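See below for the structure under consideration.
The values are calculated or read from the model by the stated rules, or taken from the named source; none is laboratory data. These numbers were taken from a predicted model, which means no experiment stands behind them. Because the Cβ atoms are built from the backbone with ideal geometry, glycine has one as well, and the counts that use them run over all protein chains shown.
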Amino acid sequence: MDEWFVVIDGKPAGPYTFEQIRSLGIVPGTFVKTAAMDDYKEAHEIAELRELFGFKRRITLPQYFATLDIRLLAVALDYFIITIVYAFLAVIAVAFVSGQFLRLAISASGLVLIPLSKMIYAIIMEASPRQATYGKFWLGLKVCDERGMAISFGQSLVRNLAKILSMATLGIGYVSGFFNKKQQCLHDTIAGTLVVKGRLL
């Protein structure tokens, strides 16, 4: 059975059983989580609590947007992970190849495979329930639409492919985020996405 934690008077309290939270005076905006959840959510966002208390789900527009420096750090973490995995696999592959040309080809292929793997990885992870790559997740960030809802696979695909355009503009597509109050880069604007920070950080 899940244990529930509830923010009461600004401080996390618990754990409580599902039955115990009936008596806690929870309202739609009360922050709650279980041990299995990554972060606190408002009670109206959780189907079990909507059913228990008769809440209606409210759309809460995002308020805390990730700045470009923290987003860049998340990208660096993701590239570090992928590069380590690639290097490990490349070392194994080179060990089983005798030709010098093939060894050089395997080593050089990282210039293409690492960015391509990063794009595929980001498309899949940002459309997942986690809504973030591991780099973003570790820094408390997630990708959502402009209403704060999870994005679809199609939106994630458009967002990550549009990063090519952000780079093709000599980085202006990224720098544009400095002049947007929601910190949206060109690819975010095209896909209708936001990168947000956890509310309780």
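Couple of notes before you dig in:
- When ILE82, ILE120 are checked against the criterion of being surrounded by fewer than 18 Cβ atoms within 10 Å (Cβ to Cβ) and on the phi < 0 side of the Ramachandran plot, a single residue qualifies: ILE120.
- Single match in ALA122, ALA74, ALA90, ALA66 (criterion: of a type in the set (Gly, Ala, Ser), modelled with pLDDT under 95 and closer than 20 Å to SER166 by Cα): ALA66
- Every condition in (1) under 29 Å from TYR40 (Cα atoms); (2) surrounded by fewer than 15 Cβ atoms within 10 Å (Cβ to Cβ) is met by THR169 except one, and the failing one is (1).
- Of all residues in the stretch 32-40, one or more are of a type in the set (Ser, Thr, Tyr) and surrounded by 12 or more Cβ atoms within 10 Å (Cβ to Cβ).
- Some residue of the stretch 160-171 being without any contact (Cβ under 8 Å) to a residue 40 or more places away in the chain, more than 22 Å from THR67 (Cβ to Cβ), assigned to a helix (DSSP H, G or I) and more than 18 Å from the chain's Cα centre (by Cα): yes
- Count of the stretch 129-152 residues which are out of contact with any helix residue (DSSP H, G or I) (no Cβ under 7 Å at 6 or more places or on another chain), in a loop (DSSP other than H, G, I, E, B) and within 17 Å of LYS41 (Cβ to Cβ): 7
- Top-ranked residue in the stretch 128-148 [being free of Cβ contacts under 8 Å to residues at least 40 places away in the same chain and surrounded by fewer than 16 Cβ atoms within 10 Å (Cβ to Cβ); ranked as nearest to ARG57 (Cα to Cα)]: PRO129
- Set VAL75, VAL91: member being within 24 Å of the chain's Cα centre (by Cα), in the same structural domain as ALA162 (by TED's automatic domain parsing) and aliphatic (A, V, I, L, M): VAL75
- Residue selected from the stretch 172-191 under the condition part of a loop (DSSP other than H, G, I, E, B) and among the charged types (D, E, K, R), by the criterion modelled with the highest pLDDT: LYS182
- Looking at the stretch 1-80, the strands (runs of 3 or more DSSP E) lying wholly inside it that each contain 1 or more residues that are of a type in the set (Val, Ile, Thr) and under 26 Å from VAL195 (Cα atoms) sit at 4-8, 31-34.
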